[in-house]
Amino acid sequence: MVDVTGLLPAVTVVIPLLAAVMILVSGRHENIRDGFTVAAAVAMLVSVVAMLPSILSGERITISLIPLLPGGDLALRVDAFGMVFALTAAVLWLLNSFYSIGYMRSLKEHAQTRFFFCLAVAIAAAIGIAFSANLVTLLVFYEILTIITYPLVVHVETPEAMAAGRKYLAYLLIGGIFFLAAVILTYILTGTTGFVPGGFLAGSAPPLTLQILFVLFMVGFVKAAWMPLHGWLPAAMVAPTPVSAFLHAVAVVTAGVFGIVRIAGWVYGMDLLASLGLGTLLAVIASFTIITASLFALTEDNLKRRLAYSTVSQLSYILLGVSMLSIAGMTGAMAHIPIHAFLKITLFFVAGAVIVAAGRERISDMKGIGRKMPVTAVMFSAAAIGICGLPPLSGLISKVYLALGAVEGGVPILLIVLIASTVLNAAYFFPIIHTMLLGRPDDERSLDSVSEPPLTMLVPIVLTTVASVLIFFFPSMPFMDLVEIAIGEITGSVIP
Amino acid sequence: MRENVVIRTISRISVPFIQVFALYVIVHGAVGAGGGFQGGVAFAASFILMFIAFGLSGVEKRLGKKWLMVYSIIGIAIYAGIGFLCLAAGGNYLEYGAIESAVGVAHLHGYLIDAVEMGIGITVMAVMVSIISDVMDRDGESP
Amino acid sequence: MIWDLDFALLLFMIICAIAAITVRDLLHAAVILAAYSLIMTVLWSEMNAVDVAFTEAVVGAGVTTVLFIAAIARTERSSSD
Amino acid sequence: MIEHLPVLLVTVPIVAALLILLLGWHDSRFCYPLTLATILFQFAGGIALLIEVMREGTIHYYLGGWAPPLGIEFVIDTFNGYILPIVLLLALATAVYARRSVEKEIKPEKIVSFYVLFQLLVTGLVGMTITGDIFNLYVFLEISSIAAYTLIASSRKPRAYVAALNYLVLGSIAGGFVLLGIGNLYVATGTLNMADLARLLPASYGLATVHTAFLLLVIGFSIKVALFPLHLWLPDAYTEAPSAVTVLISTVMAKVSVYAMFRVIFSVFTTAYFVETVPVTELILFIAAVAIVAGAVLAIAQEDLKRMLAYSSVSQVGYIVFALGVANQIALEGGLLHILGHAVMKGCLFMVAGVIIYRLGTSSFSDLKGVAATMPVTCAAFALAGASMIGVPPTIGFASKYYLVLGALEAGHWVYAAVLLAGSLLAVGYIWRFIEVAYFSASSHHEGGDHHPAPGVREAPLSMLVPMVILSILCLVLGIFVDPLMKIVAPAVSLLLGGA
Amino acid sequence: MNVKALLAVLLIGVILFWAVGDMPAFGDPQSPATRYTGKLYVDLALQDVGVENIVTAILASYRGFDTLGETVVIFTAGISVALLLRRGGRL
Amino acid sequence: MEAVLEAFLSHYNYGMAIILMMIGLYALIAKQNLVKKLIGLNIFQTAIFLFYISFADVEGGIAPIYLPEGMEAIYVNPLPHVLILTAIVVGVSVTAVGLSLIVRIYEEYGVIDEAGLLKMVKRR
């Protein structure tokens, strides 16, 4: 593992921030403003990809910006695991940008400048989270992400949205407070907060303290939406669909699970987690969440809310992977981050497309909509199949690893959870597919005005689906390679 | 105020005496009880007497509120100015010794203190008269 | 220092103070306050603080009383407590 | 002339105040530039003094050339060297901001005296900061208090008179207590010079006189800083005062009072006294915690922006006093940082409130729906400063809270650290009231495109906008570049804890 | 309200009485204040300042800055009252 | 008995000053009438001044004004006198400002007691 100093990580974070400023300045001219969004997305993607080769060759790019607080400078370090998240976010943001522009313009939404400004800042924060070199930096970007997504959640400004926004803030800020407490406690215990592969907490405090600290961290990463602290996520569904896509795939929940994996691998280390018995705790939380959230999803008629519960359930796969405390489990967990993101964003894109093209949100209203929007509906079906873990989509990969991990980690009971959840996934997705493709509308004419969404929306949908397929066929390019390097890092076995 | 000849006459006679006494008090500060503040207030008392005897508006016309403000400014300016003189003479602020050695006159100290007391007296006199006339004044200068 | 004189004066001052805050007529209160100040003046000059006594005589019994009376004249004389 | 800078910082403004009165009498247009120039001079001087102190160490200036304990001395060490630029920066920002707000809120014929008193208030506060003599501190305290009473009453509202009188009554009690405390100290030691007091006091730490002096001084200054149960004057005074005055007293005056409290507690009594001889830290912590929570809860309950911010001040003062209760290096660093941070952000927030009153004539939440559409810059400034108030990284508010919690945990005060964190959540409660109303209020909802401004309401005038925006950006910049700042704060705290 | 105020005042009174217990006796020439600065002023004032009234010497010279402050206080009060009460005019 | 008298004699005027302070403070806090409050403030302040002057006194001392040369004497401590001179000025300044405020309040509301004021403020 070689540390290289480089400016690129900082540049990557700064690009969207600059774009945000430009968006504000050029707010009056729609095209220029949206041009900045796209330009920044492209530039950021290029910048991230530019770092890819050196990461893949086993280097880590670091840059220490300024000394900030005791316990951590504002420092960025790009390692393989951070790259997984950053690459996912960068790719999906580019697609999401096109999609958002199409969506917002089609619906003639108000306050678009604010919307795109917040999105740009939020993606900067997400990249910052991915590249954080220590807990303080992670905390800084994490809190920025919380605050800046609030205007997105309440974008429609209805009383319902305001209530959802309050709920969102309450959950995430309380979580942030716990996170802050955890960071300070870590600093007091060890005098540092910099991430170390394999963890640095071992032996710094009595087990009970470390267990409490872990709980603090868990509550801190409430963005991971584990049950019973998931309430904000379905509530936040009142937001415009690109925001939901952003929340569920690009940045927010991903940031939560990313943080937990970071803590597990780089602060605690798997051995310490095992000796503290925290794996069990995680496993219980994760299993409970997976099953319960799937059951909740079954009962939802609103498509977006059903997807939201699906997210809650899927995120806990990652926690489940971590809880196995085995190499395969960890691999599955890490791999599931991009895989789930690509699949879930497709689903949300479709949900949004249905809203734009047909103005429908309830599943029961979508009967036969696939006839008028064939591409969209097919893509939806594909992604749903992927989530269930069926080939030829990427969902299978992580599931296989997770199953392996369960066996390897000696907790076969988790296999049952996996299987049960797969069944439940199918149970709540197939009815939707069925309704869309095969259902007969109650009133034939009501579908007359429905057609495929504009190209700016349709193309991202297709692209994300294709990406999921590609990941299945070429898993090592580049996600699995990155994950492998990351696993090598935290387990100490160097796999170049 | 009622027009009362006796009060008017007595005040007309006594006001100058009060004022002389007030000046004495100010200057006397260096050697005995008294000083700028007490003298200033005593001086103001003479005007209060005039307020009572002649009514506010009459006295104010003669005095002019503007001049009261100017006096109060002059008073502080004397004090602060002496402080700055000390700076100019190379000493610290209000270090009278510096002026003494700069000018070369011994025993200037006492005079400077008198001047300072005078400054205090002027300010206190002006401000007191101004405050009391403001508080007594029911209708204000020009509504 | 004559302690019994001091003591008597202090006692009288306390009476004045209580009177000043209990009298219903504010004008009376102001005048009692002036008396209080005058006794204070005597006390201080007896304690060898001539400058302060002088000042208190001029300010406490003089200016303050005039201010109070002027203000009471512009507002109202009676007090509810 | 640099060696005379300390005294010039106080005397030049006094002369300037006279000049403002004299020239203003001639033509009231002179007042504003003169005030601005004077405060600018003071600000430059404050910075120069800070640099000098950081380079050369503590500066002593003997007034009249008399060495203490006979004479009065000015002492500038790292602590007040750090406070002084803060005070003057905020004073400067307020002075720039004041012009338009004063034109609207003060009767034209009162403008001259307004600026004179404004200048005197700033001067008194600078004097309080700079002096090394405890009685001199009292004199300057009274100068600034009297000026503040009148300035609060100088808005045209009848309620302002009542607020000012309430403040006068409580302020006089505070002044009386401080005077009594000074008297007790003098009885015990026979000196008024702070350094001398610190030298002589340990011999009489057993005396009830000293304990009483401590108690009286702390209570007196607590009234002045509006520590929780003694805050009753604050909400009315802050709400009813003219906008510029609110900004000034809520930032500069509150901070100087806190400074005076710290100065007396640490430099006169030393840590040894209040940590070991009379262990009151637990009590202080408790009061601070109550202040944090109660202030924030009361703030949430308000229906008026300015009033809400006033109660928020009560809460935020708790944070600073909290540092006092913890009394270790890190917590005090956080406390001093919060003095700066709170001054900057509260200044900005009150400026926003002032601007809104300037344009809309009200600051009641029910009248502010969708104000962000018409005053985007103003509301953005509020959002940024509000984020700092909540403690969102990387703002200055976050940094100070981080240090405070770190200090509290290091001292083992787990529960109080939790209260501190909960306090910042409550801050969300009140900051968000305005954010929701201004940005996401239903009445501002228009289909398609951006909002349409209500007729007659425009963005604030430039002279009000610029200081406001600068302060809000400072919230962020100071938070990011907190490390260089610590190079000034850390020696100041060492000085305080060193006891000399 | 009255009872509360009375209690508060009594509390302060008790504290002050407590303090008095440790104070030097009334008129004690050996009290720290008299022994230290009091004596210094009495000894030095005439030769330092050259005025007979020690109070004036301290007032105008040793602690002259306090007196400047005092003058500013009264000036502030004057302006304040003018601002509050005067109608018309230029103040 | 002797000791009690001794203790009483040596501290009684501090005690009296404190009683005066308490009276003033009580009026300042509890009195409804605003003018009464200010009267209380005055009593409170003068009591503090008395306190200062008390501890300045020296047994057998004379006023701090130098006797003609050659004559020895004990002078009382002059410093508290100076401080109190300043404090008296502060006191009268605060009183003046307070009274002006009361006058203004009376002009606006027509009442000068707190209860009435509270009612008026609420009504507007």
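The values are calculated or read from the model by the stated rules, or taken from the named source; none is laboratory data. Here the structure is a predicted model, which is why all the values come from computation and not from measurement. Note: ideal-geometry Cβ built from the backbone for every residue, glycine included; neighbour counts use all protein chains shown. Calculation scope for accessible area: heavy atoms of the full protein, side chains included, ligands and nucleic acids excluded. Shrake-Rupley method; radii C 1.70, N 1.55, O 1.52, S 1.80 Å.
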Output for the stretch D:425-441, where each listed residue is in a loop (DSSP other than H, G, I, E, B) and not small (Gly, Ala, Ser):
D:Phe440
Meets criteria (within 14 Å of chain B (Cβ to nearest Cβ) and at pLDDT below 85) for E:Gly64
no
Filter result for A:Leu415 (open to solvent by 30 Å² or more (accessible area, probe 1.4 Å) and touching a helix residue (DSSP H, G or I) at 6+ places or on another chain (Cβ under 6 Å)):
yes
Give E:Leu7, E:Leu16, E:Leu11 a once-over and let me know the one that is under 27 Å from F:Met21 (Cα atoms), open to solvent by less than 10 Å² (accessible area, probe 1.4 Å), at pLDDT 85 or above and more than 9 Å from chain B (Cβ to nearest Cβ).
E:Leu16
If you go through the stretch C:39-81 one residue at a time, how many are touching a strand residue (DSSP E or B) at 6+ places or on another chain (Cβ under 9 Å), more than 17 Å from C:Leu26 (Cβ to Cβ) and open to solvent by 20 Å² or more (accessible area, probe 1.4 Å)?
2
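Just give me the residues in the stretch E:45-61 being within 7 Å of another protein chain (Cβ to nearest Cβ) and not polar (S, T, N, Q), in sequence order. Steps first, answer last, please.
Taking the stretch E:45-61 first, the residues within 7 Å of another protein chain (Cβ to nearest Cβ) are E:46, E:49-56, E:58-61.
Of everything in the stretch E:45-61, those that are within 7 Å of another protein chain (Cβ to nearest Cβ) and not polar (S, T, N, Q) turn out to be E:Leu46, E:Val49, E:Gly50, E:Val51, E:Glu52, E:Ile54, E:Val55, E:Ile58, E:Leu59, E:Ala60.
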Selection from the stretch F:9-34 of residues that are more than 27 Å from C:Phe54 (Cβ to Cβ) and more than 10 Å from chain E (Cβ to nearest Cβ)
F:Asn33, F:Leu34
Single residue of D:Ile76, D:Ile134, D:Ile86 found to be in contact with a strand residue (DSSP E or B) (Cβ under 6 Å, 6 or more places away or on another chain), more than 17 Å from F:Ser93 (Cβ to Cβ) and more than 9 Å from every other protein chain (Cβ to nearest Cβ)
D:Ile76
Any residue at all in the stretch A:292-307 that is surrounded by 24 or more Cβ atoms within 10 Å (Cβ to Cβ) and not in a helix (DSSP H, G or I)?
no
All conditions in (1) open to solvent by 30 Å² or more (accessible area, probe 1.4 Å); (2) in a helix (DSSP H, G or I) are true of A:Ile55 except (1)
Restricting attention to the stretch B:98-113, and to residues there that are outside any loop (DSSP other than H, G, I, E, B) and more than 9 Å from chain E (Cβ to nearest Cβ), which single residue is most open to solvent (accessible area, probe 1.4 Å)?
B:Tyr111
Six or more apart or on different chains, Cβ under 7 Å: which pairs go from a residue in the stretch F:99-112 that's in contact (Cβ under 8 Å) with a residue 24 or more places away in the chain and more than 9 Å from chain D (Cβ to nearest Cβ) to one that's open to solvent by 20 Å² or more (accessible area, probe 1.4 Å) and outside any loop (DSSP other than H, G, I, E, B)? Could you list them?
F:Ile112/F:Tyr106
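Matching residues to (1) part of a loop (DSSP other than H, G, I, E, B); (2) more than 7 Å from chain D (Cβ to nearest Cβ); (3) among the acidic types (Asp, Glu):
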{"site": "A:Leu172", "(1), (2), (3)": "no, yes, no"}
{"site": "A:Val183", "(1), (2), (3)": "no, yes, no"}
{"site": "A:Ile188", "(1), (2), (3)": "no, no, no"}
{"site": "A:Pro197", "(1), (2), (3)": "yes, yes, no"}
If you check every pair at least six apart or on different chains, which have Cβ atoms under 8 Å apart with a residue in the stretch D:294-307 that is closer than 15 Å to D:Leu232 by Cα and among the basic types (Lys, Arg) first and a residue that is part of a helix (DSSP H, G or I) and open to solvent by 10 Å² or more (accessible area, probe 1.4 Å) second?
D:Arg307/D:Thr239
Being facing another protein chain (nearest Cβ under 7 Å), open to solvent by 50 Å² or more (accessible area, probe 1.4 Å) and either in contact (Cβ under 8 Å) with a residue 12 or more places away in the chain or among the charged types (D, E, K, R) (or both), is that true of even one residue in the stretch B:118-127?
no
What tally of residues in the stretch A:69-113 results from selecting those that are open to solvent by 10 Å² or more (accessible area, probe 1.4 Å), at pLDDT 85 or above and closer than 27 Å to A:Thr158 by Cβ?
3
Considering only residues that are in contact (Cβ under 8 Å) with a residue 40 or more places away in the chain, open to solvent by 20 Å² or more (accessible area, probe 1.4 Å) and more than 22 Å from the chain's Cα centre (by Cα), which ones fall in the stretch A:162-190?
A:Ala163, A:Tyr187
When you go through (1) modelled with pLDDT under 90; (2) more than 21 Å from F:Ile62 (Cα to Cα); (3) aliphatic (A, V, I, L, M) one by one for C:Ile18, which number turns out not to apply?
(1)
Counted residues, the stretch D:1-23 - those being more than 10 Å from chain B (Cβ to nearest Cβ) and not hydrophobic (A, V, I, L, M, F, W, C)
1
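Before we move on, is A:Ile66 out of contact with any Ser or Thr (no Cβ under 6 Å at 6 or more places or on another chain), assigned to a strand (DSSP E or B) and open to solvent by less than 70 Å² (accessible area, probe 1.4 Å)?
Taking the combined requirement at face value, the residue satisfies it.
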If only one of F:Leu41, F:Leu79 is open to solvent by less than 10 Å² (accessible area, probe 1.4 Å) and more than 9 Å from chain E (Cβ to nearest Cβ), which one is it?
F:Leu41
Scope the stretch F:21-36; condition in a helix (DSSP H, G or I) and open to solvent by less than 10 Å² (accessible area, probe 1.4 Å); matching residues
F:Met21, F:Gly24, F:Leu25, F:Ala27, F:Leu28, F:Ala30, F:Leu34, F:Val35, F:Lys36
Suppose the filter is open to solvent by 10 Å² or more (accessible area, probe 1.4 Å) and more than 30 Å from E:Ile54 (Cα to Cα); does D:Phe79 pass it?
no
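Residues checked against (1) closer than 22 Å to D:Ala93 by Cβ; (2) within 13 Å of another protein chain (Cβ to nearest Cβ):
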residue: D:Leu332; (1), (2): no, no
residue: D:Ile339; (1), (2): yes, no
residue: D:Ala353; (1), (2): yes, no
residue: D:Ser363; (1), (2): yes, no
residue: D:Pro376; (1), (2): yes, yes
residue: D:Ala383; (1), (2): yes, yes
residue: D:Gly386; (1), (2): yes, yes
residue: D:Gly407; (1), (2): no, yes
residue: D:Glu410; (1), (2): no, yes
Can you name every residue in the stretch D:412-444 that is open to solvent by 20 Å² or more (accessible area, probe 1.4 Å), farther than 19 Å from A:Ile174 by Cβ and either at the interface with chain A (Cβ under 9 Å from one of its Cβ atoms) or of a type in the set (Ser, Thr, Tyr) (or both)?
D:Tyr439, D:Ala442, D:Ser443
Report those helices (runs of 4 or more DSSP H) wholly inside the stretch D:94-209 carrying at least 3 residues which are surrounded by fewer than 24 Cβ atoms within 10 Å (Cβ to Cβ).
D:158-189, D:194-200
Which one of these is in contact with a Ser or Thr (Cβ under 9 Å, 6 or more places away or on another chain), at pLDDT below 85, open to solvent by less than 20 Å² (accessible area, probe 1.4 Å) and under 30 Å from E:Val49 (Cα atoms): B:Gly40, B:Gly29?
B:Gly29
